[in-house]
Amino acid sequence: MSQPLPLTDLAAALRRPVTSGQDLKAIETLCEAFLDRPRAERARAARELPRLARGADTVLLLSAMAAVSGDLRYYDELLDAVEGNIAQSGLEGLLHIHAGIGRQLFLMRMNPASRPAFFEERQFPFYRRILDEIRRRQAIVPPIRRAGGADTGRVVLVTNQFLSLRHQPSRDLLSYAALLEDHCGQEVVILNTNIMPTEVHSLFVPSFAASVEPAFSGDQRVEADGRTYRMLSSVEPCVRPGKIAGFLEAIAAVDPDAVLSLGGSCVVADLMAGVRPTLCIPTTSGATLSLADIVLDFGGGSAPVHGPLARSWRPFRFLHSLAGAAPRTDSSRAAFGLEDDAFVCAVVGNRLDEEADGAFLAMLEALFDRVPRAVAVFAGHANALPRRLAASRHAGRLRCLGYVSDMGALLAVCDAYVNPRRTGGGASAAEAMAAGAVPLSLPGGDVASVVGPRFVHPDYGAFVERLAALAADPAALAAAAAEARVQGSRRAGPEEAAAALSRHLDEAAALFHSRRPLEA
C-alpha cells in the first residue's frame, strides 16, 4: 500500500542530515500539511513515521510525530530521552526544546486530552530541571535577603524580552511599571534578560527563535508616554556564562523588596524564588510556568485544584496598556480602502499565517454567502496568508492590510472583531471593545477572558449566525457595540489592578518573612 505523498516526503526529509535552519523549516512545512487533516489520519501518519524514517534523530523524530498528530504523549517520550541525558545536554538546547514545546501549546497545536496533566507532570518539572542545571553548571547561589531588613521601596520587574513600543508585551511591561510607580508607591527597575534562544540549538520542530533588540544593552533609560524608566538589559546570547550572574548581582545592588516577573518561564526571576519575595504577572490565559510565591491569573480563570500552582495561584485581571483607549472620532473607511456600506469584520494578530487557518477562512466564506456586503480585513504581519486568501472564491472581500500602525483608527471603522481559535490576542480585543467593534470569540484563550461570556460563542457556525444577524439589524449592531464598550470600560481602570497588585505584593512579603524568622 503506497503512502500519502506528504508522509513520504516528510519521512525522506527526516532521514536526511539537517545542516541548516532551512532544512528544519522544510520539515516544519511538511508537518504543517497535516494540521487540517482528520485526527485519525494524523495519528496514523505519526505512527508510521518511525518505520519510514529509521535512523532519524530522536528529538527531531518525536517532535515531528507530535506536530503531525497533536498528541502530547510523544513529548513524554521526547522528555524521557532528553532527561535521561540531561547532564550532558547543552543549556541552550534544553531551553530551545522547552520553548518549542511551550510555543506548540500556546498556538493550540496540541490536543490536551491526549495527555492529561502534561503541564503539571512533565512540562513544569522539565523547567525545574533546567533551572537546576543552570544553578549547578554556573554555580548560581543568589544571596538571600535578610528577613527583617528595612524596606527599600524598590521592586525589579523582570521580562524575558523587551523589543519596542510596537511590541504589545513591551508596552504592557511599561504600563505595569507606571502602575507600580504611580499607584503602588514603588520605584521600578526593569530587567530585560533576553534569556530565550535566539538561534537553533536543537532539532526540535517546529523550531523557535526569539527576537532581540540590539539597541537595548546595558544600564539605560527608556522613554515612553512622557516618562522615563531605568532598564538593565543584556543582549548576550541566551545563557552565556556570566550573564545570569550579572543580573543576580544587579538585583542584589538594587535591593528590591520584591522581584516581579512579567510572563512565565522567566529564568532570572525564578532563580530568585525563596531568596526574595516573588510574584508573577502572566501575559496569557495559558498555564504559567513560574516558581514565584504568588502567580496571578490572567483574568477569568479558575483556581488549579492540584499541581505546582495550586498554592501560588491568585485571581487577578490583567490590565492591557491599550484597554480603555479613547475611541477615535477622526477615522475614515476610505483610508483603509473600505466602502461606507460594508459590514466590516476585523481579524487582528501577529501569527495570522498559523491562526487564520482553513476552518476560520471557511467560516468567513459562509458569512459572505449570507451577507453580500460583508468584508474581512486582516491586520498583522503575514507571509503565506495573502496567497491563501487569493485562492478563495471570495478573494475580493478578504483583504490583507499587513502591519497597521494605528490599530485604533482601523478598529473604529469596523463593525466586528472576529477572533480565530488561538491563545493570544487579548490586547487587540480590549482595544476593539473600546472602539465599539463587537467581539466574537470561541471559548478559551486570552480574547475569551477579555471579552467575557456574552461575546463567546461555541463554534464557528455560531459566529456566522451572530454576524449575519448583526449585519441585518442596525439597531442590534448598535446595541452590541454599546455593550462591548461597557465591557471594555470595566477592564480599563488601573485602580482595581493596582489595589490587587499591592495586596499581592504584601502577601508575597508576608510569605517570605514567614519562612525566614528574624535573625537574632
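The values are calculated or read from the model by the stated rules, or taken from the named source; none is laboratory data. Predicted model, so just to flag it, every value in this text is computed and none were measured. Backbone-built Cβ (ideal geometry, glycine too); neighbour counts: all protein chains shown. Ligands, DNA and RNA are excluded from the accessible area calculation, which covers all protein heavy atoms including side chains. Shrake-Rupley method; radii C 1.70, N 1.55, O 1.52, S 1.80 Å.
For the stretch 85-113: of the residues being open to solvent by 40 Å² or more (accessible area, probe 1.4 Å) and in a helix (DSSP H, G or I), which is nearest to residue 286 (Cα to Cα)?
So, considering only residues that are open to solvent by 40 Å² or more (accessible area, probe 1.4 Å) and in a helix (DSSP H, G or I), the one nearest to residue 286 (Cα to Cα) is 106.
Just need a number here: residues in the stretch 365-403 that are open to solvent by 80 Å² or more (accessible area, probe 1.4 Å), in a loop (DSSP other than H, G, I, E, B) and either farther than 21 Å from residue 415 by Cα or of a type in the set (A, V, I, L, M) (or both).
4
Contact list please: Cβ distance under 9 Å, first residue in the stretch 201-224 and over 20 Å from residue 265 (Cβ atoms) and touching a residue at least 24 places away in the same chain (Cβ under 8 Å), second residue open to solvent by 20 Å² or more (accessible area, probe 1.4 Å) and β-branched (Val, Ile, Thr), pairs at least six apart or on different chains.
Filtered contacts from the stretch 201-224: 203/18; 203/58; 203/59; 222/228.
Determine if the stretch 27-34 includes at least one residue that is in contact with a Cys (Cβ under 8 Å, 6 or more places away or on another chain) and at pLDDT 95 or above.
Narrowing the stretch 27-34 to residues in contact with a Cys (Cβ under 8 Å, 6 or more places away or on another chain): none.
So far as the stretch 27-34 goes, no, none of its residues is in contact with a Cys (Cβ under 8 Å, 6 or more places away or on another chain) and at pLDDT 95 or above.
Among the listed residues 450, 456, 438, 464, identify the single one that is surrounded by 17 or more Cβ atoms within 10 Å (Cβ to Cβ), in contact with a Ser or Thr (Cβ under 8 Å, 6 or more places away or on another chain) and aliphatic (A, V, I, L, M). Write out each step before concluding.
Working: 450 fails: in contact with a Ser or Thr (Cβ under 8 Å, 6 or more places away or on another chain); 438 fails: in contact with a Ser or Thr (Cβ under 8 Å, 6 or more places away or on another chain); 464 fails: in contact with a Ser or Thr (Cβ under 8 Å, 6 or more places away or on another chain).
Exactly one of 450, 456, 438, 464 is surrounded by 17 or more Cβ atoms within 10 Å (Cβ to Cβ), in contact with a Ser or Thr (Cβ under 8 Å, 6 or more places away or on another chain) and aliphatic (A, V, I, L, M), namely 456.
Can you give me the number of residues within the stretch 412-437 that are more than 24 Å from residue 342 (Cα to Cα), touching a helix residue (DSSP H, G or I) at 6+ places or on another chain (Cβ under 6 Å) and part of a loop (DSSP other than H, G, I, E, B)?
First, the residues of the stretch 412-437 that are more than 24 Å from residue 342 (Cα to Cα): 421-427.
Then keep just the ones that are touching a helix residue (DSSP H, G or I) at 6+ places or on another chain (Cβ under 6 Å); that gives 422-427.
Now restrict to residues that are part of a loop (DSSP other than H, G, I, E, B): 422-425.
Result for the stretch 412-437: 4.
Looking at (1) under 30 Å from residue 40 (Cα atoms); (2) surrounded by 17 or more Cβ atoms within 10 Å (Cβ to Cβ); (3) touching a strand residue (DSSP E or B) at 6+ places or on another chain (Cβ under 8 Å), which one does residue 158 not meet, given that it meets all the others?
It is condition (1) that residue 158 fails.
Please find, among 467, 501, 440, the residue that is outside any helix (DSSP H, G or I) and either at pLDDT 95 or above or on the phi < 0 side of the Ramachandran plot (or both).
Details: 467 fails: outside any helix (DSSP H, G or I); 501 fails: outside any helix (DSSP H, G or I).
Selected residue: 440, the only one of 467, 501, 440 that is outside any helix (DSSP H, G or I) and either at pLDDT 95 or above or on the phi < 0 side of the Ramachandran plot (or both).
Would it be correct to say that residue 81 is loosely packed, with under 15 Cβ neighbours inside 10 Å, in contact with a Ser or Thr (Cβ under 9 Å, 6 or more places away or on another chain) and not in a strand (DSSP E or B)? Before the answer, list the steps.
Working: loosely packed, with under 15 Cβ neighbours inside 10 Å: yes; in contact with a Ser or Thr (Cβ under 9 Å, 6 or more places away or on another chain): yes; not in a strand (DSSP E or B): yes.
Yes, satisfied.
If you go through the stretch 20-46 one residue at a time, how many are touching a strand residue (DSSP E or B) at 6+ places or on another chain (Cβ under 9 Å), under 15 Å from residue 358 (Cβ atoms) and open to solvent by less than 50 Å² (accessible area, probe 1.4 Å)? Before you say what the answer is, go through the steps one by one.
First, pick out the residues of the stretch 20-46 that are touching a strand residue (DSSP E or B) at 6+ places or on another chain (Cβ under 9 Å): 39, 42-43, 46.
Within this subset, residues satisfying the condition of being under 15 Å from residue 358 (Cβ atoms) are 39, 42.
Among the residues that remain, those that are also open to solvent by less than 50 Å² (accessible area, probe 1.4 Å) are: 42.
Counting residues in the stretch 20-46 that are touching a strand residue (DSSP E or B) at 6+ places or on another chain (Cβ under 9 Å), under 15 Å from residue 358 (Cβ atoms) and open to solvent by less than 50 Å² (accessible area, probe 1.4 Å) gives 1.
Say we look at the stretch 199-238 and pick out the residues that are in a loop (DSSP other than H, G, I, E, B) and hydroxyl-bearing (Ser, Thr, Tyr); which of these is farthest from the chain's Cα centre (by Cα)? Even if it seems obvious, please write down each step before you answer.
Going through the stretch 199-238, the residues in a loop (DSSP other than H, G, I, E, B) turn out to be 199-217, 225-226, 234-238.
Narrowing the set further to residues that are hydroxyl-bearing (Ser, Thr, Tyr) leaves 202, 207, 211, 217, 234.
On the way: 202: 22, 207: 16, 211: 14, 217: 24, 234: 22 Å.
Filtering first and then ranking leaves 217.
Being in a helix (DSSP H, G or I) and of a type outside the set (A, V, I, L, M, F, W, C) is the filter; apply it to the stretch 470-484 and report the residue that is farthest from residue 415 (Cα to Cα). Spell out the reasoning first.
So the first thing to find is which residues in the stretch 470-484 are in a helix (DSSP H, G or I), and the list is 470-472, 474-484.
Keeping just the survivors that are of a type outside the set (A, V, I, L, M, F, W, C) gives 474, 483.
Working: 474: 10, 483: 13 Å.
Looking at residues that are in a helix (DSSP H, G or I) and of a type outside the set (A, V, I, L, M, F, W, C), I get 483.
Tell me, yes or no, whether the stretch 233-250 has at least one residue that is over 16 Å from residue 157 (Cα atoms), of a type in the set (Val, Ile, Thr), touching a Phe, Trp or Tyr at 6+ places or on another chain (Cβ under 8 Å) and surrounded by 15 or more Cβ atoms within 10 Å (Cβ to Cβ).
yes
Scan the stretch 470-493 for residues that are at pLDDT below 85, surrounded by 14 or more Cβ atoms within 10 Å (Cβ to Cβ) and not basic (Lys, Arg) and report the count.
Residues flagged as at pLDDT below 85, surrounded by 14 or more Cβ atoms within 10 Å (Cβ to Cβ) and not basic (Lys, Arg) within the stretch 470-493 amount to 1.
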